[in-house]
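One structure is given below, encoded as structure tokens.
Every number in this text was worked out from the coordinates using simple rules, so none of it is lab data. Here the structure is a predicted model, which is why all the values come from computation and not from measurement. Cβ placement follows ideal geometry from the backbone for every residue including glycine, while neighbour counts extend to all protein chains displayed.
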Amino acid sequence: MRSWPQPHVPELPGRAPALSVIDTRTGERVSVQGADARLYVCGITPYDATHLGHAFTYVVFDMLVRTWKDAGLNVNYAQNITDIDDPLFERAEETGVNWRELADSQIELFRTDMDTLSVLPPDNWVPVSDILDPLEKSVRELLDEGRAYGLTGEDGRTDYYLETTDADYASEHLSRFDLINVFRENGGDPDRPGKKHPLDPIVWKGAVGDDFRAEGAKAGAWRPGWHIECALIGRDYLGDTIDIQGGGADLVFPHQEMSLMHMDDFHPQVQVRGQMNTGMVAYEGHKMSKSLGNLVLVSKLLQRGFEPMVIRLALLGHAWHSDWEYTDEDLGRAERRLTRWRRAHHTGGAGARQLLEDVRVRLADNLDTPGALDVIDAWAEENEYSDDREGAALFKDMCQALLGVHF
Ligand SMILES: [Zn+2]
């Protein structure tokens, strides 16, 4: 799908040290090996885009891409759009809007917000509606191979499930989850009679007879499984090695774990080397969610007159792996910071070459954006009136290239 315009990324002198990040699943450091970096990030379901939680996630992965590119790596970045899914159908029904129109309008809003926040677009931005044929083919293969099974409901529709075992859920990092409950709370159906294992994930919902996409079915009568979608896109667009699988922390289980399971099924040699899960953003004491009505939308903040770069700096002020609570003070702090940096650009500039290296060191260390911003603040204060035009120009380029902040 057409994404959004590529923001300008100025060339910088020298090169960043290799980045290592802490893998959510193992707690160990991972870094790219070789000259190519491949990133898969779980994209939006287009019905409540773009709140600050989404913006935080996609700005974090934008920072990852920028840091990789600064280290000289070739980056291939794929992201899906779950534009056929239950929450979307439910929202459409509630509001009386055609689900396709709802999805398209929300995708457009997301596209505009990402462009406004200077996020680098993915190389492959893939809506699920574009890959229904290969998805159906994959599900039929699973059935042929006896690794999936169907359960037919009273309405005559059949849902297909991947067959799993206890061993599939034995990883150490899953021990902190009450798996059945988390699965149930996230759209899973562990209690359905007839399932071979309560955690078996759905791979296709709502087939009629042999027709996976029954004609005349109302919107939402059928749909592919969410987890298998990401596995298929990852395999088809990135190949055998995926350096980082990314998404919000709420996707660790079941979504990303089950995607990994599918990936293993498709292609046992596909290797996912690390996983990054961004912290959850809360507002007024709770995780932002449509159901609680506590969403802070990027588009609303822009309407209130906040500069896009202030919003971006507010997001960069938080460590990617930490949960945080948004308050308007985040924007106040970011506004003061941007003013300080602008002043340093107008009247300062000395020592910018060393600053560039210091910022690179911060980012290379587990993508420490708050640390990078602090280093710049200290430099801006120290060199406020140094009047070095060449340094000032380098400072401006660095902010734009490495942080996506332009002024
Ligand atoms: Zn996903």
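Along the axis of the charge dipole computed for segment 330-376 (Cβ charges of +1 for Lys and Arg, -1 for Asp and Glu, origin at the Cα centre), the listed residues Gly348, Ile376, Ala334 are led at the positive end by Gly348. By the gyration tensor of its Cα atoms, with a ≥ b ≥ c the square roots of the eigenvalues, what is the shape of segment 104-221: rounded for a/c under 1.5, prolate for a/b over b/c, or oblate? Oblate, because a/c is 1.5 or more while a/b does not exceed b/c. Each Cα pair under 8 Å and six or more residues apart adds its sequence gap; the mean of these over the residue count of the chain is a relative contact order of 22 percent. Listed peptides 395-403, 55-63, 160-168 appear in the order 55-63, 395-403, 160-168 once ranked by packing, highest mean of other Cβ atoms within 10 Å at the front.
Please find the FRET efficiency linking Asp123 to Asp264, where r is the Cβ-Cβ separation and R0 is fixed at 25 Å, and quote it to the nearest 0.05. That gives a FRET efficiency of 0.55. The Cα center of segment 254-280 and the Cα center of segment 179-232 differ in position by 18 Å. Restricting attention to the chain, lysine pairs at least eight places apart or on different chains and with alpha-carbon atoms under 24 angstrom apart total 10.
Residue separation times 0.36 nm, minus the C-alpha to C-alpha distance between Leu12 and Ala378: what's the value?
129.7 nm
Given a Förster radius of 45 Å and the C-beta distance between Arg304 and Thr152 as r, what FRET efficiency does 1/(1 + (r/R0)^6) yield to the nearest 0.05? Once the sixth-power term is evaluated, E becomes 0.30. Here is how the number arises for the chain: DSSP H runs of 4 or more residues each give -39500 (n - 2.57), the sum is divided by the residue count, and the result at 222 nm is -12500 deg cm²/dmol. Considering only DSSP beta bridges whose two residues both sit in the chain, what percent are antiparallel, to the nearest 5? Given both bridge residues lie in the chain, the antiparallel proportion sits at roughly 45 percent. Express in nm, to one decimal, how much length is gained between Phe177 and Tyr385 on full extension, taking 0.36 nm for each residue of separation and deducting their alpha carbon distance. Extra length from Phe177 to Tyr385 when fully extended: 69.5 nm.
In this simple spin-label approximation, Asp166 and Thr347 carry label points 7 Å from Cα along the Cα→Cβ vector, and these lie 7.0 nm apart. As a length-normalised measure over Cα pairs under 8 Å and 6 or more apart, the relative contact order of segment 247-390 settles at 22 percent.
Packing-based ranking of 136-145, 336-345 yields 336-345, 136-145, ordered from highest to lowest mean Cβ neighbour count within 10 Å.
Dipole of the chain (Lys/Arg Cβ +1, Asp/Glu Cβ -1, origin at the Cα centre): which of Phe56, Ile22, Thr116 lies farthest to the positive side? It is Thr116. Mind checking which of Pro13, Ser289, Ala392 is farthest towards the positive end of the chain's charge dipole, using Cβ charges of +1 (Lys, Arg) and -1 (Asp, Glu) about the Cα centre? After comparing all options, I get Ala392.
Whole angstrom only: what separates the Cα centroid of segment 381-405 from the Cα centroid of segment 95-161? Result: 43 Å between the Cα centres. Summarising the label geometry, the points placed 7 Å from Cα in the beta-carbon direction at Thr95 and Thr327 lie 3.1 nm from one another. Rounded to the nearest 10 degrees, the angle from helix 369-382 to the longest Cα principal axis of the chain is 10 degrees. A Cβ-based charge dipole, computed about the Cα centre of the chain with Lys and Arg at +1 and Asp and Glu at -1, lands at about 860 debye. Computed over neighbours whose Cβ is under 14 Å from that of Ser20, the net charge equals -1, Lys and Arg +1, Asp and Glu -1. Round to the nearest 10 and give me the degree value, 0 to 90, for the angle of helix 226-238's Cα axis relative to the longest principal axis of the chain. For helix 226-238, the angle is close to 60 degrees. Here the peptides 175-186, 266-277 are ranked by packing, the mean other Cβ count within 10 Å, and the order with the highest first is 266-277, 175-186. Between Glu215 and Glu141, the FRET efficiency from the beta-carbon distance, with R0 = 30 Å, is close to 0.80.
Rounded to the nearest 20, the size of the Cβ-charge dipole of segment 1-145 about its Cα centre is 800 debye, with Lys and Arg at +1 and Asp and Glu at -1.
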